[in-house]
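J.: Sharing a structure below in structure tokens format, with a few things to ask.
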Amino acid sequence: MKKTAANFIAAILILIMAALALASIKDDTLTFDEVAHIGAGYTYWHNRDYRLNPEHPPLVKDLAGLPLQFLGLNFPETRFWTGAAPFPWWTQFDFGDQLLYHAGNDPDRIMFFSRIGPILLMLAFGAFLFFWTRKLLGNGWALFLLVMFVFCPNFMAHGRLVTTDVGASFGAIFATFFWINFLKIPDWKNTLAAGAAFGLAMLIKFSLILLVPFFIVITAAYALLGKDRIKSLLNYCWRAAVAAIFGAVFVIGPVYALHIAQYPADKQLSDTKEVLATTSLPQWMQNINISMAQQPLLRPWAQYLLGLEMATNRTGTGNTTYFDGAVSAKGRLDYFPTLYLVKIPLAFHILTLIALVCLAIRLFKNKFWQNTLPRLRKTLRNNFEFFALAVFVAIYWAASLLGSLNIGLRHILPTFAPTFILVVAGLAACWRAIQNKKLRSGFIGAVAFLMGWFVASSLSIFPHYLTYYNEIADGPDNGYKIAVDSNLDWGQDLKRLADFIETHNGIVSSSLRLELPKTTKEYAALMNDNEAIDRIYLDYFGGGDPEYYLGDKYVKWTSDMNHSQIPGGSYLAISANQMMGQRAKAINGYDQPTDKYDWLVDEQLVAKIGYSIFIYRIE
């Protein structure tokens with residue numbers, strides 16, 4: 001295929017991704033984390049102040065906050081913003097809530113414009129993946145990978161949100177590309193480019209600090225695979241140090257300096273002390289951060305270090321999580337492997353198996369056990385990009401498995417693109433190795449069928465990408481039994497609940513008794529009475545404001561309340577996240593109640609909104 005034709009097809013695919021992303025957010029409500037990220041991103045531009053959301057670097061939030069500067073928003077002068085004393089970490093969510101729902105602004109308009117930047121970043125990621133894969137494998141296979149990226153439910157689910165996970169995936173690939181260029185040609189141009197790319201990646205998500213051990217490993221490997229190993233290793237070491245320092249001093253430092261330009265020094269220091277006091281970090285580590293915050297020239301890096309320490313602390317301490325029928329505050333080794341198995345299209349797993357089988361066959365045909373080390377060195381040197389990507393995947397997976405932060409498959413999303421490249425490379429090698437024309441045609445047909453299945457799986461979940469579960473999990477209708485939170489229920493369906501109520505009320509007010517339409521691929525639901533829903537009890541998890549969207553129909557409900565207080569014939573709506581956390585068993589020493597919604601087993605489920613909100617009729 002010619003380059004021009006490949007570019008044209010790639011452009012069409014990226015436009016399709018843009019159209020799907022924009023169309024799918026039309027009826028969304030803001031997810032839980034977006035409330036803090038949008039509020040923070042807005043203030044970074046409006047106030048040049050970094051007191052909000054320091055546990056995430058600024059780049060994605062900057063992209064989200066930039067369009068908001070042109071909407072003429074009302075700024076909520078809350079006590080959190082105007083007070084001198086430090087406030088608890090979670091008040092960043094209170095500020096975001098005030099900006100969105102209580103300052104006279106339009107939250108749906110804010111959501112749309114704040115998501116444009118992250119969507120553009122996702123599209124740029126797709127273009128870059130195509131560019132690099134074409135260099136590695138050629139036009140055809142690069143397009144194959146781009147189709148996989150465009151229709152991956154997980155990239156689509158999180159690339160539309162004001163969150164950092166898809167941005168981190170891009171940052172990892174972007175920095176890796178430039179670092180490998182530096183290893184191949186270690187001149188000053190590539191050294192500084194690698195440092196700049198590394199610095200940019202560090203401005204997206206703190207988990208990308210794992211690039212540091214990754215770069216150390218692949219730098220040492222590249223040097224030791226060549227000639228003059230010790231001399232080469234020493235040369236790479238000092239150049240790698242220069243690259244890292246360049247990224248820290250000339251990329252991270254200036255960006256953070258701009259973000260704290262109007263953040264009072266005494267306020268930064270008091271906030272730093274307040275935040276660190278709530279962590280379990282060693283005192284010496286806290287003291288270094290506090291000392292840096294007291295030095296005017298080091299304040300930008302002190303703020304960066306604060307965020308890195310907060311992220312490290314959270315990864316170590318974890319979150320309370322529902323998974324596979326149990327609730328725990330500790331990480332589980334089977335969490336990420338299970339979700340990887342059930343939240344990626346089954347067709348991709350089959351493609352992976354094909355690539356692995358082909359690799360095994362080639363190894364045995366080439367008698368890998370003969371003259372192994374010299375052949376291995378040559379193979380790794382000639383296929384170093386693929387070796388490097390495999391190392392990154394191994395390091396990131398290892399860190400994720402050892403951590404305690406089990407709140408979503410999105411936390412290993414940076415491993416997806418490297419894995420896609422490795423699988424496509426394996427398929428390409430298999431295709432090249434097949435000499436028989438009929439077998440080659442059959443192979444291409446099978447791969448094309450599987451990719452069609454992959455695309456169909458993605459399209460079938462539109463617009464509910466966040467809730468995707470594959471056939472192994474028996475689809476998204478049953479996904480809530482495995483895992484919730486950002487795997488299924490992040491609060492995205494509150495507006496759909498409001499639409500559902502209005503639709504129901506419109507139907508029962510007509511002269512016809514009709515079945516409710518399946519507005520969001522809900523349950524096929526027929527409400528059992530002829531009365532409008534004047535009030536609905538709601539236990540909601542997410543970034544929406546029930547009072548804003550439901551008005552006087554909303555009655556606040558929590559699992560701590562006595563369900564006998566709900567009048568017979570009333571409706572109770574519960575977010576899957578809230579429900580499953582109270583219909584589970586406690587494990588790993590978790591000592592809080594986990595059975596407060598067991599009584600729902602005797603109630604009638606009448607509707608399911610977007611797979612994440614369950615409506616019960618209370619008898």
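The values are calculated or read from the model by the stated rules, or taken from the named source; none is laboratory data. The shown structure was predicted, so the numbers you read here are calculated from the model rather than taken from an experiment. In this analysis, Cβ positions are derived from the backbone assuming ideal geometry, glycine residues included, and neighbour counts consider all displayed protein chains. Side chains are part of the model used for accessible areas, which takes the heavy atoms of the whole protein and leaves out ligands, DNA and RNA. Shrake-Rupley method; radii C 1.70, N 1.55, O 1.52, S 1.80 Å.
Yes or no, residue by residue, for (1) open to solvent by 30 Å² or more (accessible area, probe 1.4 Å); (2) of a type outside the set (S, T, N, Q):
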position	(1), (2)
ALA240	no, yes
PRO254	yes, yes
TYR263	no, yes
THR272	no, no
PRO282	yes, yes
LEU305	yes, yes
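J.: Could you list, in sequence order, the residues of region 449-475 that are part of a helix (DSSP H, G or I), polar (S, T, N, Q) and in contact (Cβ under 8 Å) with a residue 24 or more places away in the chain?
T.: SER457, SER458, THR467
J.: Look through LYS205, LYS184 and report the one residue that is touching a His at 6+ places or on another chain (Cβ under 8 Å) and either in contact (Cβ under 8 Å) with a residue 60 or more places away in the chain or surrounded by fewer than 21 Cβ atoms within 10 Å (Cβ to Cβ) (or both).
T.: Just a single option satisfies the conditions, and that option is LYS205.
J.: Is one or more of the residues making up region 234-256 in contact (Cβ under 8 Å) with a residue 12 or more places away in the chain and under 16 Å from ARG51 (Cβ atoms)?
T.: Yes, region 234-256 contains a residue that is in contact (Cβ under 8 Å) with a residue 12 or more places away in the chain and under 16 Å from ARG51 (Cβ atoms).
So that you can scan it fast, the table gives a plain yes or no per residue for (1) in contact with a Leu (Cβ under 6 Å, 6 or more places away or on another chain); (2) modelled with pLDDT of 95 or more:
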site	(1), (2)
TRP90	no, no
ASN105	yes, yes
MET111	yes, yes
ARG115	no, yes
ILE119	no, yes
LEU123	no, yes
ALA127	no, yes
LYS135	no, yes
ALA142	no, yes
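J.: Cβ-Cβ distance below 6 Å, separation of 6 or more or different chains: which pairs start in region 101-120 with a residue that is over 20 Å from ILE14 (Cβ atoms) and end on one that is β-branched (Val, Ile, Thr)?
T.: Correct list of pairs: SER114/ILE38; SER114/VAL162.
J.: How many of the residues making up region 55-74 are open to solvent by 30 Å² or more (accessible area, probe 1.4 Å) and of a type in the set (Asp, Glu)?
T.: Residues in region 55-74 being open to solvent by 30 Å² or more (accessible area, probe 1.4 Å) and of a type in the set (Asp, Glu): 0 in total.
J.: Hey, among TYR548, TYR540, which residue is touching a Pro at 6+ places or on another chain (Cβ under 8 Å) and over 22 Å from VAL601 (Cβ atoms)? Full working, then the answer.
T.: Details: TYR540 fails: over 22 Å from VAL601 (Cβ atoms).
None of the other options fit; the residue is TYR548.
J.: Kindly check whether there is at least one residue in region 484-493 that is within 24 Å of VAL150 (Cα to Cα), open to solvent by 10 Å² or more (accessible area, probe 1.4 Å) and not acidic (Asp, Glu).
T.: Checking region 484-493: at least one residue is within 24 Å of VAL150 (Cα to Cα), open to solvent by 10 Å² or more (accessible area, probe 1.4 Å) and not acidic (Asp, Glu).
J.: Condition (residue is at pLDDT 95 or above, in contact with a Ser or Thr (Cβ under 7 Å, 6 or more places away or on another chain), assigned to a loop (DSSP other than H, G, I, E, B) and among the polar types (S, T, N, Q)) applied to region 551-571: is it met by at least one residue?
T.: Looking through region 551-571, none of the residues is at pLDDT 95 or above, in contact with a Ser or Thr (Cβ under 7 Å, 6 or more places away or on another chain), assigned to a loop (DSSP other than H, G, I, E, B) and among the polar types (S, T, N, Q).
J.: Also, quick follow-up: Provide a single number: the residues in region 528-562 that are more than 25 Å from THR321 (Cβ to Cβ) and open to solvent by 30 Å² or more (accessible area, probe 1.4 Å).
T.: Residues in region 528-562 being more than 25 Å from THR321 (Cβ to Cβ) and open to solvent by 30 Å² or more (accessible area, probe 1.4 Å): 14 in total.
J.: OK, next. Return only the number of the condition from (1) closer than 30 Å to LEU333 by Cβ; (2) modelled with pLDDT under 95 that MET580 does not satisfy.
T.: All conditions pass for MET580, except number (2).
J.: Please work out which residue is farthest from the chain's Cα centre (by Cα), limiting yourself to region 449-475 and to residues that are surrounded by fewer than 18 Cβ atoms within 10 Å (Cβ to Cβ) and of a type in the set (Gly, Ala, Ser).
T.: Result: GLY452.
J.: Here is a follow-up. Return yes or no: is ALA194 over 19 Å from THR312 (Cα atoms), at pLDDT 95 or above, surrounded by 15 or more Cβ atoms within 10 Å (Cβ to Cβ) and of a type in the set (A, V, I, L, M)?
T.: yes
J.: Among the residues of region 221-243, is any part of a loop (DSSP other than H, G, I, E, B) and among the basic types (Lys, Arg)?
T.: Initially, region 221-243 is screened for residues part of a loop (DSSP other than H, G, I, E, B), giving 226-228.
Those left that are additionally among the basic types (Lys, Arg): 227.
Among the residues of region 221-243, at least one is part of a loop (DSSP other than H, G, I, E, B) and among the basic types (Lys, Arg), which makes the answer yes.
J.: Every residue in region 574-617 that is assigned to a loop (DSSP other than H, G, I, E, B), surrounded by fewer than 18 Cβ atoms within 10 Å (Cβ to Cβ) and small (Gly, Ala, Ser), please.
T.: GLY589
J.: Scan region 25-78 for residues that are of a type outside the set (A, V, I, L, M, F, W, C) and not in a helix (DSSP H, G or I) and report the count.
T.: Residues flagged as of a type outside the set (A, V, I, L, M, F, W, C) and not in a helix (DSSP H, G or I) within region 25-78 amount to 20.
J.: Here is a follow-up. Kindly evaluate ASN7 against the criterion of being of a type outside the set (Phe, Trp, Tyr) and part of a loop (DSSP other than H, G, I, E, B). So that I can check it myself, show each step before the final result.
T.: Values: of a type outside the set (Phe, Trp, Tyr): yes; part of a loop (DSSP other than H, G, I, E, B): no.
Here the answer is no, as ASN7 does not meet what is asked.
J.: Also, quick follow-up: Got at least one residue in region 434-448 being buried (at least 17 other Cβ atoms within 10 Å of the Cβ), touching a helix residue (DSSP H, G or I) at 6+ places or on another chain (Cβ under 8 Å) and not in a helix (DSSP H, G or I)? Show your work before the answer.
T.: To start, the set of residues in region 434-448 that are buried (at least 17 other Cβ atoms within 10 Å of the Cβ) comprises 443, 447.
With the extra rule that they be touching a helix residue (DSSP H, G or I) at 6+ places or on another chain (Cβ under 8 Å), the set shrinks to 443, 447.
If we keep only those that are not in a helix (DSSP H, G or I) too, we end up with none.
Among the residues of region 434-448, not one is buried (at least 17 other Cβ atoms within 10 Å of the Cβ), touching a helix residue (DSSP H, G or I) at 6+ places or on another chain (Cβ under 8 Å) and not in a helix (DSSP H, G or I), which makes the answer no.
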